[in-house]
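Below is one structure, written out as C-alpha coordinates, with a few remarks after it.
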Amino acid sequence: MKHQILFKLQETDGFVSGGKLSKEFGLSRTAIWKHIHSLISDGYEIESVTNKGYRLISSPDIINYDEIKDELETKIIGRSIYHYKTIDSTNRKAKEIASKVDEGTIVVAEEQTSGRGRLGRNWNSKMTKGIYTSIIVKPETEPDKVAKLTLLAAAAVYQALKDIGVESKIKWPNDVLVNGKKVSGILTEMNCELGIINYIVLGIGINVNHNLEDIPEDIREKATSLKIEVGQQIDRKHLFSRLLNHLDELYIPFETTGDFESALDICRDNSAVIGEDIMVIQGNKTREGRAIGINHNGELMVHFAEGLEPVLSGEVSIRKKDRYI
Ligand code: BTN
(Lines give C-alpha, C1' and ligand atoms only; values in the text may rest on other atoms or scores of the structure.)
Protein backbone atom coordinates (compact mmCIF):
# COMPACT_ATOMS: atom_id res chain seq x y z
CA MET A 1 0.00 0.00 0.00
CA LYS A 2 2.85 2.37 0.90
CA HIS A 3 4.20 1.87 -2.64
CA GLN A 4 0.84 2.71 -4.20
CA ILE A 5 0.59 5.89 -2.14
CA LEU A 6 4.11 6.82 -3.19
CA PHE A 7 3.21 6.13 -6.82
CA LYS A 8 0.21 8.44 -6.53
CA LEU A 9 2.39 11.20 -5.07
CA GLN A 10 5.02 10.63 -7.78
CA GLU A 11 2.52 10.97 -10.61
CA THR A 12 0.78 14.02 -9.14
CA ASP A 13 2.10 17.47 -9.85
CA GLY A 14 1.11 19.27 -6.65
CA PHE A 15 -0.92 18.19 -3.62
CA VAL A 16 -3.07 15.07 -3.21
CA SER A 17 -5.63 15.42 -0.46
CA GLY A 18 -5.76 12.96 2.41
CA GLY A 19 -9.45 12.44 1.63
CA LYS A 20 -8.72 11.45 -1.96
CA LEU A 21 -6.02 9.02 -0.87
CA SER A 22 -8.20 7.40 1.76
CA LYS A 23 -11.07 7.03 -0.71
CA GLU A 24 -8.88 5.66 -3.48
CA PHE A 25 -7.14 3.12 -1.26
CA GLY A 26 -10.02 2.36 1.10
CA LEU A 27 -8.02 3.35 4.18
CA SER A 28 -8.70 5.69 7.08
CA ARG A 29 -6.95 9.05 7.07
CA THR A 30 -4.90 7.89 10.06
CA ALA A 31 -3.73 4.84 8.11
CA ILE A 32 -2.76 7.09 5.17
CA TRP A 33 -0.87 9.34 7.56
CA LYS A 34 1.03 6.31 8.94
CA HIS A 35 2.12 5.30 5.44
CA ILE A 36 3.20 8.88 4.71
CA HIS A 37 5.21 8.83 7.92
CA SER A 38 6.85 5.58 6.93
CA LEU A 39 7.79 7.08 3.53
CA ILE A 40 9.30 10.06 5.35
CA SER A 41 11.42 7.72 7.45
CA ASP A 42 12.54 6.02 4.21
CA GLY A 43 13.98 9.40 3.20
CA TYR A 44 11.16 10.89 1.10
CA GLU A 45 10.57 14.58 1.70
CA ILE A 46 6.79 15.07 1.81
CA GLU A 47 5.08 18.36 2.54
CA SER A 48 1.84 18.13 4.48
CA VAL A 49 -0.53 21.14 4.49
CA THR A 50 -3.94 21.32 6.21
CA ASN A 51 -6.81 21.41 3.71
CA LYS A 52 -4.45 20.67 0.82
CA GLY A 53 -2.96 17.27 1.62
CA TYR A 54 0.43 15.82 0.74
CA ARG A 55 3.03 16.77 -1.84
CA LEU A 56 6.22 14.89 -2.75
CA ILE A 57 9.14 17.29 -2.68
CA SER A 58 12.13 15.00 -3.13
CA SER A 59 13.07 11.35 -3.18
CA PRO A 60 16.07 9.77 -1.47
CA ASP A 61 19.08 8.53 -3.39
CA ILE A 62 18.04 4.87 -3.34
CA ILE A 63 17.88 2.38 -6.19
CA ASN A 64 14.80 0.30 -5.42
CA TYR A 65 11.94 -0.59 -7.78
CA ASP A 66 9.88 2.51 -6.89
CA GLU A 67 12.73 4.76 -7.92
CA ILE A 68 13.74 3.09 -11.19
CA LYS A 69 10.42 1.75 -12.53
CA ASP A 70 9.77 4.73 -14.82
CA GLU A 71 12.96 4.08 -16.75
CA LEU A 72 12.91 0.30 -16.66
CA GLU A 73 12.10 -1.26 -20.06
CA THR A 74 13.05 -4.87 -19.42
CA LYS A 75 11.25 -8.11 -20.15
CA ILE A 76 13.31 -10.53 -18.07
CA ILE A 77 15.94 -8.70 -16.01
CA GLY A 78 14.47 -7.05 -12.92
CA ARG A 79 11.12 -8.89 -13.08
CA SER A 80 11.42 -8.99 -9.36
CA ILE A 81 13.75 -6.77 -7.33
CA TYR A 82 14.92 -7.55 -3.79
CA HIS A 83 16.23 -4.28 -2.40
CA TYR A 84 18.24 -3.97 0.82
CA LYS A 85 19.59 -0.93 2.56
CA THR A 86 22.40 -3.02 4.03
CA ILE A 87 23.36 -6.59 3.28
CA ASP A 88 26.52 -8.65 3.63
CA SER A 89 26.75 -9.52 -0.07
CA THR A 90 24.14 -9.38 -2.83
CA ASN A 91 25.80 -12.39 -4.50
CA ARG A 92 25.45 -14.41 -1.30
CA LYS A 93 21.78 -13.44 -1.00
CA ALA A 94 21.14 -14.15 -4.68
CA LYS A 95 22.57 -17.65 -4.32
CA GLU A 96 20.41 -18.23 -1.25
CA ILE A 97 17.18 -17.43 -3.11
CA ALA A 98 18.14 -18.46 -6.65
CA SER A 99 16.44 -21.85 -6.76
CA LYS A 100 13.13 -20.41 -5.49
CA VAL A 101 12.79 -17.36 -7.72
CA ASP A 102 12.23 -16.64 -11.40
CA GLU A 103 15.03 -15.99 -13.80
CA GLY A 104 15.76 -12.28 -14.02
CA THR A 105 15.24 -11.67 -10.31
CA ILE A 106 17.79 -9.24 -8.98
CA VAL A 107 19.19 -8.39 -5.58
CA VAL A 108 20.42 -4.84 -5.04
CA ALA A 109 21.77 -3.08 -1.96
CA GLU A 110 22.73 0.43 -0.98
CA GLU A 111 25.61 -0.97 1.07
CA GLN A 112 27.41 -4.30 1.42
CA THR A 113 29.24 -5.17 4.59
CA SER A 114 31.11 -8.12 3.00
CA GLY A 115 31.06 -7.30 -0.70
CA ARG A 116 33.01 -10.00 -2.50
CA GLY A 117 35.36 -9.63 -5.42
CA ARG A 118 37.13 -12.21 -7.50
CA LEU A 119 39.92 -14.35 -6.06
CA GLY A 120 38.64 -13.88 -2.52
CA ARG A 121 39.14 -10.12 -2.57
CA ASN A 122 36.81 -7.60 -0.92
CA TRP A 123 34.62 -5.23 -2.90
CA ASN A 124 34.47 -1.80 -1.31
CA SER A 125 30.71 -1.16 -1.01
CA LYS A 126 30.10 2.10 0.85
CA MET A 127 26.52 3.26 1.54
CA THR A 128 24.84 4.80 -1.55
CA LYS A 129 28.17 5.42 -3.25
CA GLY A 130 28.02 2.62 -5.77
CA ILE A 131 25.80 0.12 -7.52
CA TYR A 132 25.96 -3.33 -5.92
CA THR A 133 23.70 -5.81 -7.63
CA SER A 134 23.37 -9.51 -8.43
CA ILE A 135 21.28 -10.83 -11.28
CA ILE A 136 19.93 -14.37 -11.28
CA VAL A 137 19.71 -16.05 -14.69
CA LYS A 138 18.90 -19.62 -15.69
CA PRO A 139 19.89 -20.08 -19.32
CA GLU A 140 19.59 -23.46 -20.99
CA THR A 141 23.21 -23.65 -22.00
CA GLU A 142 26.22 -25.78 -21.16
CA PRO A 143 28.27 -24.80 -18.11
CA ASP A 144 31.30 -24.15 -20.35
CA LYS A 145 29.41 -21.30 -22.07
CA VAL A 146 28.98 -19.40 -18.82
CA ALA A 147 32.09 -17.28 -19.36
CA LYS A 148 30.13 -15.59 -22.16
CA LEU A 149 27.74 -14.17 -19.57
CA THR A 150 30.55 -12.31 -17.84
CA LEU A 151 31.36 -10.63 -21.15
CA LEU A 152 27.68 -9.93 -21.68
CA ALA A 153 27.51 -8.18 -18.30
CA ALA A 154 30.69 -6.21 -19.04
CA ALA A 155 29.18 -5.10 -22.38
CA ALA A 156 26.01 -3.94 -20.57
CA VAL A 157 28.09 -1.91 -18.09
CA TYR A 158 29.99 -0.38 -21.02
CA GLN A 159 26.74 0.62 -22.74
CA ALA A 160 25.17 2.05 -19.58
CA LEU A 161 28.26 4.19 -19.01
CA LYS A 162 28.16 5.34 -22.62
CA ASP A 163 24.51 6.39 -22.12
CA ILE A 164 25.57 8.76 -19.36
CA GLY A 165 28.42 10.11 -21.48
CA VAL A 166 31.30 8.14 -19.97
CA GLU A 167 33.72 6.36 -22.31
CA SER A 168 35.12 3.16 -20.89
CA LYS A 169 37.16 0.12 -21.90
CA ILE A 170 36.50 -3.52 -21.13
CA LYS A 171 39.42 -5.35 -19.59
CA TRP A 172 38.65 -8.93 -20.54
CA PRO A 173 36.93 -10.72 -18.98
CA ASN A 174 35.35 -8.93 -16.07
CA ASP A 175 36.56 -5.38 -15.46
CA VAL A 176 35.47 -2.05 -16.89
CA LEU A 177 38.00 0.78 -16.85
CA VAL A 178 37.69 4.54 -17.17
CA ASN A 179 40.90 6.41 -17.98
CA GLY A 180 42.78 3.16 -17.43
CA LYS A 181 41.45 2.59 -13.89
CA LYS A 182 38.84 0.10 -12.72
CA VAL A 183 35.33 1.41 -12.04
CA SER A 184 33.44 -1.85 -12.31
CA GLY A 185 33.99 -5.54 -11.66
CA ILE A 186 31.89 -8.62 -12.31
CA LEU A 187 31.79 -11.74 -10.20
CA THR A 188 29.98 -14.60 -11.96
CA GLU A 189 29.01 -17.59 -9.86
CA MET A 190 27.33 -20.75 -11.09
CA ASN A 191 25.45 -23.69 -9.63
CA CYS A 192 25.18 -26.77 -11.82
CA GLU A 193 24.68 -30.51 -11.56
CA LEU A 194 25.43 -33.21 -14.14
CA GLY A 195 26.07 -30.67 -16.86
CA ILE A 196 22.82 -28.79 -16.22
CA ILE A 197 22.89 -25.21 -14.98
CA ASN A 198 20.58 -24.58 -12.04
CA TYR A 199 21.38 -20.89 -11.92
CA ILE A 200 24.02 -18.28 -12.55
CA VAL A 201 24.52 -15.17 -10.45
CA LEU A 202 26.02 -12.17 -12.20
CA GLY A 203 27.37 -9.89 -9.48
CA ILE A 204 28.09 -6.39 -10.72
CA GLY A 205 29.76 -3.67 -8.71
CA ILE A 206 30.21 -0.12 -10.04
CA ASN A 207 32.07 2.63 -8.20
CA VAL A 208 29.79 5.58 -8.85
CA ASN A 209 29.91 8.47 -6.38
CA HIS A 210 32.95 7.52 -4.34
CA ASN A 211 35.22 10.41 -3.47
CA LEU A 212 38.95 9.85 -3.50
CA GLU A 213 38.98 9.22 0.27
CA ASP A 214 36.36 6.46 -0.19
CA ILE A 215 38.82 4.45 -2.30
CA PRO A 216 41.32 2.57 -0.12
CA GLU A 217 44.75 4.15 -0.52
CA ASP A 218 46.47 0.93 -1.58
CA ILE A 219 44.23 0.56 -4.64
CA ARG A 220 43.97 4.21 -5.73
CA GLU A 221 46.54 3.65 -8.45
CA LYS A 222 44.29 1.02 -10.07
CA ALA A 223 40.73 1.87 -8.99
CA THR A 224 38.56 4.93 -9.34
CA SER A 225 34.93 6.04 -9.43
CA LEU A 226 32.81 7.70 -12.08
CA LYS A 227 32.49 10.82 -9.94
CA ILE A 228 36.26 11.11 -9.57
CA GLU A 229 36.75 10.72 -13.32
CA VAL A 230 33.98 13.02 -14.58
CA GLY A 231 34.16 15.51 -11.71
CA GLN A 232 30.48 15.45 -10.84
CA GLN A 233 27.85 13.51 -8.93
CA ILE A 234 26.21 10.75 -11.02
CA ASP A 235 22.50 9.85 -10.96
CA ARG A 236 22.64 6.24 -9.71
CA LYS A 237 18.97 5.57 -10.48
CA HIS A 238 19.39 6.48 -14.13
CA LEU A 239 22.63 4.51 -14.45
CA PHE A 240 21.10 1.46 -12.76
CA SER A 241 18.02 1.38 -14.97
CA ARG A 242 20.20 1.83 -18.08
CA LEU A 243 22.34 -1.09 -16.90
CA LEU A 244 19.33 -3.38 -16.46
CA ASN A 245 17.85 -2.31 -19.81
CA HIS A 246 21.09 -3.13 -21.65
CA LEU A 247 21.52 -6.41 -19.81
CA ASP A 248 18.01 -7.41 -20.85
CA GLU A 249 18.63 -6.41 -24.47
CA LEU A 250 21.82 -8.48 -24.63
CA TYR A 251 20.58 -11.41 -22.55
CA ILE A 252 17.36 -12.17 -24.45
CA PRO A 253 19.08 -13.27 -27.72
CA PHE A 254 21.60 -15.30 -25.69
CA GLU A 255 18.83 -17.02 -23.74
CA THR A 256 16.67 -17.74 -26.76
CA THR A 257 19.20 -18.73 -29.43
CA GLY A 258 22.61 -18.61 -27.75
CA ASP A 259 23.43 -15.50 -29.78
CA PHE A 260 25.85 -13.19 -28.07
CA GLU A 261 27.31 -11.45 -31.09
CA SER A 262 26.31 -7.93 -30.00
CA ALA A 263 28.01 -8.35 -26.62
CA LEU A 264 31.06 -9.80 -28.36
CA ASP A 265 31.27 -6.85 -30.74
CA ILE A 266 31.08 -4.40 -27.84
CA CYS A 267 33.83 -6.28 -25.98
CA ARG A 268 36.04 -6.41 -29.07
CA ASP A 269 35.51 -2.81 -30.18
CA ASN A 270 36.13 -1.38 -26.72
CA SER A 271 38.77 -3.71 -25.40
CA ALA A 272 41.50 -2.50 -23.05
CA VAL A 273 43.63 -5.57 -23.79
CA ILE A 274 43.52 -6.33 -27.51
CA GLY A 275 46.82 -5.32 -29.07
CA GLU A 276 48.51 -5.08 -25.66
CA ASP A 277 51.31 -7.06 -24.07
CA ILE A 278 49.73 -8.82 -21.15
CA MET A 279 50.39 -11.19 -18.32
CA VAL A 280 47.83 -13.96 -17.85
CA ILE A 281 47.49 -15.33 -14.34
CA GLN A 282 45.79 -18.73 -14.08
CA GLY A 283 45.99 -20.25 -10.62
CA ASN A 284 49.65 -20.04 -9.65
CA LYS A 285 50.84 -19.93 -13.25
CA THR A 286 51.69 -16.63 -14.98
CA ARG A 287 52.50 -16.29 -18.66
CA GLU A 288 53.36 -13.32 -20.82
CA GLY A 289 51.96 -12.80 -24.28
CA ARG A 290 50.18 -10.41 -26.59
CA ALA A 291 46.36 -10.27 -26.74
CA ILE A 292 45.28 -10.30 -30.34
CA GLY A 293 41.52 -10.72 -30.20
CA ILE A 294 38.46 -12.38 -28.68
CA ASN A 295 37.14 -15.44 -30.50
CA HIS A 296 33.49 -16.40 -31.08
CA ASN A 297 33.40 -18.27 -27.75
CA GLY A 298 34.45 -15.17 -25.87
CA GLU A 299 37.95 -16.55 -25.26
CA LEU A 300 40.92 -14.19 -25.35
CA MET A 301 43.32 -15.12 -28.14
CA VAL A 302 46.85 -14.69 -26.88
CA HIS A 303 50.17 -15.05 -28.66
CA PHE A 304 52.43 -16.75 -26.14
CA ALA A 305 56.03 -17.76 -26.86
CA GLU A 306 54.63 -21.25 -27.62
CA GLY A 307 52.14 -19.94 -30.17
CA LEU A 308 48.55 -18.67 -30.40
CA GLU A 309 46.18 -19.97 -27.71
CA PRO A 310 42.63 -19.26 -26.55
CA VAL A 311 42.34 -18.32 -22.89
CA LEU A 312 38.92 -19.07 -21.39
CA SER A 313 39.38 -17.57 -17.96
CA GLY A 314 41.99 -15.95 -15.82
CA GLU A 315 43.26 -12.67 -14.52
CA VAL A 316 44.94 -10.34 -16.98
CA SER A 317 47.43 -7.55 -16.30
CA ILE A 318 48.35 -5.06 -18.99
CA ARG A 319 51.98 -4.12 -19.58
CA LYS A 320 52.64 -0.41 -19.31
CA LYS A 321 56.28 0.53 -19.96
CA ASP A 322 58.27 -1.76 -17.69
CA ARG A 323 55.48 -3.01 -15.40
CA TYR A 324 52.12 -4.69 -15.46
CA ILE A 325 48.98 -3.03 -14.10
C1 BTN B 1 35.82 -8.14 -9.02
O2 BTN B 1 36.20 -7.28 -9.82
O3 BTN B 1 36.62 -8.70 -8.30
C4 BTN B 1 34.36 -8.48 -8.97
C5 BTN B 1 33.62 -7.55 -8.06
C6 BTN B 1 32.14 -7.86 -7.95
C7 BTN B 1 31.45 -7.01 -6.91
C8 BTN B 1 29.97 -7.20 -6.92
S9 BTN B 1 29.13 -5.99 -5.96
C10 BTN B 1 27.64 -6.86 -6.12
C11 BTN B 1 27.98 -8.34 -6.02
N12 BTN B 1 27.96 -8.77 -4.65
C13 BTN B 1 29.18 -9.12 -4.21
O14 BTN B 1 29.44 -9.50 -3.06
N15 BTN B 1 30.06 -8.98 -5.20
C16 BTN B 1 29.44 -8.53 -6.42
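Checking GLY78 against (1) small (Gly, Ala, Ser); (2) over 16 Å from SER241 (Cβ atoms); (3) touching a residue at least 60 places away in the same chain (Cβ under 8 Å); (4) buried (at least 17 other Cβ atoms within 10 Å of the Cβ), only one condition comes out false. Which one?
(2)
If you scan the range 140-155, which residues turn out to be in contact with an Asp or Glu (Cβ under 9 Å, 6 or more places away or on another chain) and modelled with pLDDT of 95 or more?
ALA154, ALA155 - these are the residues of the range 140-155 that are in contact with an Asp or Glu (Cβ under 9 Å, 6 or more places away or on another chain) and modelled with pLDDT of 95 or more.
Return a yes/no flag: does the range 107-121 have any residue that is among the aliphatic types (A, V, I, L, M), within 11 Å of the ligand (Cβ to nearest atom), without any contact (Cβ under 8 Å) to a residue 60 or more places away in the chain and in contact with a helix residue (DSSP H, G or I) (Cβ under 9 Å, 6 or more places away or on another chain). Working first, answer last.
The initial filter retains those residues of the range 107-121 that are among the aliphatic types (A, V, I, L, M), namely 107-109, 119.
Next, from what is left, pick out any that are within 11 Å of the ligand (Cβ to nearest atom): 107-109, 119.
Restricting the remaining residues to those that are without any contact (Cβ under 8 Å) to a residue 60 or more places away in the chain gives 107, 109.
Pick out the ones that are also in contact with a helix residue (DSSP H, G or I) (Cβ under 9 Å, 6 or more places away or on another chain) and you get 107, 109.
Checked the range 107-121: at least one residue is among the aliphatic types (A, V, I, L, M), within 11 Å of the ligand (Cβ to nearest atom), without any contact (Cβ under 8 Å) to a residue 60 or more places away in the chain and in contact with a helix residue (DSSP H, G or I) (Cβ under 9 Å, 6 or more places away or on another chain).
Anything in the range 82-104 that is touching a Ser or Thr at 6+ places or on another chain (Cβ under 8 Å), away from the ligand (no atom under 14 Å from the Cβ) and on the phi < 0 side of the Ramachandran plot? List them, or say none.
VAL101, ASP102
Taking into account only those residues within the range 208-256 that are basic (Lys, Arg) and in contact (Cβ under 8 Å) with a residue 40 or more places away in the chain, which is farthest from SER317 (Cα to Cα)? Give the steps one after another, and end with the answer.
Of the residues in the range 208-256, the ones basic (Lys, Arg) are 220, 222, 227, 236-237, 242.
Pick out the ones that are also in contact (Cβ under 8 Å) with a residue 40 or more places away in the chain and you get 222, 236-237, 242.
Values: LYS222: 11, ARG236: 29, LYS237: 32, ARG242: 29 Å.
Across the range 208-256, the extreme among qualifying residues is LYS237.
Of the residues ARG242, ARG287, ARG236, ARG268, only one is surrounded by 14 or more Cβ atoms within 10 Å (Cβ to Cβ) and modelled with pLDDT under 95; which?
Just one listed residue meets the conditions, ARG287.
If we only count strands (runs of 3 or more DSSP E) wholly inside the range 1-105, which ones have 3 or more residues that are under 30 Å from HIS210 (Cβ atoms)?
Working: elements: 45-49, 53-58, 81-87.
Because the criterion is at least 3 residues that are under 30 Å from HIS210 (Cβ atoms), the strands (runs of 3 or more DSSP E) in the range 1-105 that meet it are 53-58, 81-87.
The values are calculated or read from the model by the stated rules, or taken from the named source; none is laboratory data. Given the structure is predicted, the values throughout are model-derived calculations rather than measurements. A quick note on method: Cβ atoms are made from the backbone with ideal geometry, for glycine too, and the neighbour counts reach across all protein chains shown.
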